[in-house]
Amino acid sequence: MNIQTPRQLIAAIPHLVGFHPDNSLVLVAFDDDEISSFVRIDLPTAEGFAFPDILQKVIETLDNPHLVAIAYVEAAEFEASPKEVTTAVSAFSKYCEDRSWPVLDLLLVTDSTWRSLMCTDDTCCPRSGHQLTDAIPTTEVEFVVSGSSPFESRETLAERLAHRELGDQKQEFEKSFEDVKQQVERNLAKLEMSNIADLVDEIMLELSRTSHGDYQYIARCAVGIQNIRVRDGLLRQIYDNPAVRPCVRANLFEIVSLVPPQYVSASATVLAGCAWLDGNGALARIATDSALEADSTYSLARLLDTALSHGIPPRVWSESLAAVSYEDCLAGAA
């Protein structure tokens, strides 16, 4: 994604993370004017906004040390202790400078305003900040047009990924699911490479669409992803096609929240892998937790859980997918 102004970046963050950050520090790594990776951590509570010891480890997970740091603080909290906030952010800047990590900008976002803490020109960055409602960047419009709608909080994101009922449509969904399930399983039973490849292509096409006419695609995707060869081939295609990942994430999100419990682990793991490719650790963490809650023995989810828990950089996941050819994935060698 091409980002040219601080306001564009602030507009993009909720869509990239999946929810509106609150009491958070978001670190964004850039390669020229392209976002290469990002990570969000909780800011400490009331006792002074000192950054946690884990900061160095978090920064080292990013693909590129050219950073923009965005602190999200409630307006009332900032007004009560502005000196503590700005002192802590300045300390963060020095911390990065001492380690030769260039900081491109330090942004402070409250409930209604934003400003740069590095810019000292009052005509550009007044101390009162810019109103977030002054203008809607084209970046935000692009996300909305693509169907992106961030959740209000991390908790809301986790709640929505949990299983939800369809009400009056439940019976129709279950019948469609069962019919498609039998058809997909018959094709998979043939165990021919062409059948696997065709199904991966079909699922990737379904996941790349912004809209669907019925629920049958959910069954095709969920049942297909249960097959490890299909799953790994799909992950490789997701790696190879970064432009469609937002649609893929949105569709996998719906699939995980609707399918029967026995299909959750595989689909949630692919969702986690897709999110982590773009550095979205929050969604990767939540999706991995959903996969393990459904099946604590699911091996790929356990692998992702270990990597996320130990702060392994997303590039390691990318490199592992790149190291195995698409044909080998389809053959079960991944």
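The values are calculated or read from the model by the stated rules, or taken from the named source; none is laboratory data. These numbers come from a predicted model, not from an experiment. Every residue, glycine among them, receives a Cβ derived from its backbone with ideal geometry; neighbour counts consider all protein chains shown.
List of remarks:
- Of the numbered criteria (1) touching a Phe, Trp or Tyr at 6+ places or on another chain (Cβ under 7 Å); (2) under 24 Å from Leu308 (Cα atoms); (3) at pLDDT 80 or above, the one Phe19 fails is (3).
- Residue among Glu202, Glu178, Glu165, Glu142 that is modelled with pLDDT under 80 and assigned to a helix (DSSP H, G or I): Glu142
- Residue list for region 281-305, restricted to those being free of Cβ contacts under 8 Å to residues at least 24 places away in the same chain and not charged (D, E, K, R): Thr288, Ser296, Thr297, Ser299, Leu303
- Residue check, Lys94 at pLDDT 70 or above, in a helix (DSSP H, G or I) and exposed (fewer than 12 other Cβ atoms within 10 Å of the Cβ): yes
- Test: residue in region 284-298 that is small (Gly, Ala, Ser) and surrounded by fewer than 19 Cβ atoms within 10 Å (Cβ to Cβ): yes
- Residue list for region 303-334, filter: surrounded by 13 or more Cβ atoms within 10 Å (Cβ to Cβ), in a helix (DSSP H, G or I) and among the hydrophobic types (A, V, I, L, M, F, W, C): Leu303, Leu304, Ala307, Leu308, Trp317, Leu321, Cys329, Leu330
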